[in-house]
Amino acid sequence: MASPDLVLMHPPSVMDFRKRTQLYGPVSDLIPSTPVFEMYPIGFTTIASHLESRGYSVRMVNIASRMLASDRFSPERFVRSIDASVFGIDLHWMPHVQGALELARMVKKHHPNRPVVFGGFSSSYYHDELIRSFPQVDYVLRGDSTEVPFENLMAVIEKGSSAEDVPNLTWRREGRVMENPLSHVPDTLDDIVIDYGLLVRKVLKYRDLTGHLPYANWKSNPMTIAMGLRGCIHNCLTCGGSCDSFAKFFNRTAPAFRSPHLLAEDIERAENYIKGATLVVGDIRQAGKTYASKFLKELKERDVDNEVILELFSPADKSFAEEVGSSIPRFSVQLSPETHDEEARKTLGKPYTNAGMEKSVDFFIEAGCGRFDLFYMIGLPLQTRESVLGTVEYTRRLYERHKGSRLHPFISPLAPFLDPGGSAFENPQAHGYKLFASSLEEHAKLAVMPSWKYVLNYETVWMSRAAIAESTYASGLGLNSIKRDLGLIPQDVADAVEERINDASALMDGIDAIVAKKTTTSRELDNLRELASRLSESTVCDKEELDWSTNSIYASIPRMVGALLRGK
């Protein structure tokens, strides 16, 4: 089999996580992936789809997923065995910083003459440091839309010509850091190619299902993504994807939207392949009421059967909820109020009231919403331990109001890292934050600490890292008790969650004692490895509460075969 032109590889958060004792804590309890953060960004799919449409052969390999699936899988042996003209590695989310740098080091060790390209939000933010300080990285493609720049770079590498005309590129020439203009910032997403059959064809070609999985349990809980926009009109304090961050670091002064017709078509085509849920990225109201109505009308005409998950960035009125309900047979909604404290929420950049949020929940449930998820966070400005527990008690009121009516509040720490690019990261003191890391090198060192408490790259003037960790476990116990008391979860599930939380809290204290001795031996931590691994998932809640699908991927095989035969 001929070598591909490009191999896109997704690293684990920490490359040797299987050999380390690390209590990750509940950092991934509210996302599909495990604490290894094995979910690769949607950009992998759009880049691969674009390049394939231009005649390049692209292979995608989820190194993290393969490491989770088998202890016998060696990333170093795999990297040594594979070849390509170019190797691409994502550093999109900061939790992957150590794994991404280590994976790039492996590539350069075994393929010293092959170029290594980094991309993603965090790569864009740290592009200068990546090229200046890490010789295993040859190129960084900056910005939120690198499909065309990647094509340009592939052509340059193929011809052996200069990269000075490749937009959005940071690179090295004769030891000097070169920064090309970040000029490719498309004002529409209508030119993006999203080939949902690509993964299926690649799985068949390379006989590698695990290496193409978006996250570890995707086979049992498949979900697809519909990308409605790049950019944002909101300016949330802690978000690296805020409008200020996009303007400053990605040269995007306004969001780029996918047309309502194409976005609805994406969801329909996803259903052709996968029997599961589809998450629409971004609040569809950001483009205005007319856009949202056109999208819902397009979706209604397609009679999509898969569940569609909509994000709200603020409460919605009754007419919008009813419009959603009449347009989508099966839908759910997500909203992140972050805290019950309205003053703290306003400080974050979300100036809406609890009353407005509660009405919005009412409207959507009345309109037939399958489930309405509310996400609360720990580690916010103005937030104390008492405030965290106040949020937990507030959820009791929500549960009592909507008992048995599909409302699902969750709470989790803002972890492991405060987003680079967000206002809180850029000007921490002004917003009550203290940073423990600012550079890539510093974050990579934090990433391998033995307890998630020490991995946090921040604390606030209201709560130390220790207080954030302790409040997280306390809030998990409180929320678990409320759900048990109201009969929302079985007694055995509540008991299991309580036991995990107490065990995790005790283990955190045990690791603290070992670290405090200053003479820590690897054996002391090694003895705790298995326990730490077991207590790093489904800590503050049972992770299965987030599952969207009751169908495994095998239920989708007839759809996949049919779609491939029809050429859709």
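Considering ILE482, ILE514, the condition of being in contact with a Lys or Arg (Cβ under 7 Å, 6 or more places away or on another chain) and farther than 30 Å from TYR126 by Cβ is satisfied by ILE482 alone.
So, in the stretch 469-478, of the ones that are out of contact with any Lys or Arg (no Cβ under 8 Å at 6 or more places or on another chain) and either surrounded by 24 or more Cβ atoms within 10 Å (Cβ to Cβ) or without any contact (Cβ under 8 Å) to a residue 40 or more places away in the chain (or both), which residue ends up nearest to GLU393 (Cα to Cα)?
Initially, the stretch 469-478 is screened for residues out of contact with any Lys or Arg (no Cβ under 8 Å at 6 or more places or on another chain), giving 472-473, 475-478.
Within this subset, residues satisfying the condition of being either surrounded by 24 or more Cβ atoms within 10 Å (Cβ to Cβ) or without any contact (Cβ under 8 Å) to a residue 40 or more places away in the chain (or both) are 472, 475-477.
Working: THR472: 14, SER475: 9, GLY476: 11, LEU477: 11 Å.
Only one residue fits best here, namely SER475.
Conditions tested, residue by residue: (1) hydroxyl-bearing (Ser, Thr, Tyr); (2) in contact with a Phe, Trp or Tyr (Cβ under 8 Å, 6 or more places away or on another chain).
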| site | (1), (2) |
| --- | --- |
| LEU262 | no, no |
| VAL281 | no, no |
| ARG285 | no, yes |
| THR290 | yes, no |
| LEU296 | no, no |
| GLU301 | no, no |
| SER314 | yes, yes |
| VAL324 | no, yes |
| PRO337 | no, yes |
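Comparison of SER57, SER53 shows that the only residue that is touching a Pro at 6+ places or on another chain (Cβ under 6 Å) and farther than 30 Å from ALA504 by Cβ is SER57.
Counting only helices (runs of 4 or more DSSP H) wholly contained in the stretch 468-568, the ones carrying 3 or more residues that are aliphatic (A, V, I, L, M) and modelled with pLDDT of 85 or more occupy 491-516.
Scanning the stretch 313-344 for residues that are among the basic types (Lys, Arg) and either out of contact with any strand residue (DSSP E or B) (no Cβ under 6 Å at 6 or more places or on another chain) or within 20 Å of GLU400 (Cα to Cα) (or both) turns up just one, LYS318.
Contact map, the stretch 517-539: first residue farther than 29 Å from PRO32 by Cα, second residue modelled with pLDDT of 80 or more and buried (at least 16 other Cβ atoms within 10 Å of the Cβ), Cβ cut-off under 7 Å, separation 6 or more or different chains; pairs are THR520/ILE514; GLU524/ILE514. Please determine, by comparing only the residues of the stretch 17-63 that are closer than 25 Å to ARG500 by Cβ and over 18 Å from the mean Cα position of the chain (by Cα), which one is surrounded by the most Cβ atoms within 10 Å (Cβ to Cβ). Among them, the one singled out is LEU23. For the stretch 441-455, taking the residues that are in a helix (DSSP H, G or I) and of a type in the set (A, V, I, L, M, F, W, C), the one that is nearest to ALA469 (Cα to Cα) is identified as TRP452.
Can you say whether GLY276 is over 20 Å from ARG258 (Cβ atoms) and in the same structural domain as CYS236 (by TED's automatic domain parsing), as far as the supplied structure shows?
yes
The test for being in contact with a His (Cβ under 6 Å, 6 or more places away or on another chain), under 24 Å from ILE63 (Cβ atoms) and surrounded by fewer than 18 Cβ atoms within 10 Å (Cβ to Cβ) holds for ARG80. Against the numbered list (1) of a type outside the set (Gly, Ala, Ser); (2) surrounded by fewer than 19 Cβ atoms within 10 Å (Cβ to Cβ); (3) within 23 Å of GLU268 (Cβ to Cβ), PHE257 comes up short only at (2). When restricted to residues that are farther than 21 Å from GLY422 by Cα, out of contact with any Phe, Trp or Tyr (no Cβ under 8 Å at 6 or more places or on another chain) and buried (at least 21 other Cβ atoms within 10 Å of the Cβ), the stretch 368-392 contains 2. Please verify whether GLY404 is modelled with pLDDT under 95, in contact with a Gly (Cβ under 9 Å, 6 or more places away or on another chain) and not aromatic (Phe, Trp, Tyr), treating the condition exactly as stated. Yes; evaluated as a whole, the condition is true for this residue.
All but one of (1) surrounded by 19 or more Cβ atoms within 10 Å (Cβ to Cβ); (2) over 24 Å from ASP495 (Cβ atoms); (3) of a type in the set (Gly, Ala, Ser) hold for SER464, so report the exception by its number. Result: SER464 passes all but (1). The condition of being hydrophobic (A, V, I, L, M, F, W, C) and either in the same structural domain as ARG230 (by TED's automatic domain parsing) or modelled with pLDDT under 95 (or both) holds for only one of ALA100, ALA84, ALA69, ALA104, that being ALA69. Of the residues making up the stretch 162-179, not a single one is within 30 Å of GLU338 (Cα to Cα), basic (Lys, Arg) and modelled with pLDDT of 95 or more.
Taken as a whole, the stretch 213-227 holds no residue that is in the same structural domain as ALA424 (by TED's automatic domain parsing) and in contact with a Cys (Cβ under 6 Å, 6 or more places away or on another chain). The residue of the stretch 202-230 that is nearest to PHE257 (Cα to Cα), among those that are of a type in the set (Val, Ile, Thr) and either out of contact with any strand residue (DSSP E or B) (no Cβ under 7 Å at 6 or more places or on another chain) or in a loop (DSSP other than H, G, I, E, B) (or both), is VAL203. Once the stretch 231-270 is narrowed to residues that are assigned to a loop (DSSP other than H, G, I, E, B) and among the polar types (S, T, N, Q), the residue that is nearest to SER327 (Cα to Cα) is SER259.
The values are calculated or read from the model by the stated rules, or taken from the named source; none is laboratory data. Values in this document were obtained by computation on a predicted structure and should not be read as measured data. Methodologically, a virtual Cβ is constructed for each residue, glycine included, from the backbone with ideal geometry; neighbour enumeration extends over all protein chains shown.
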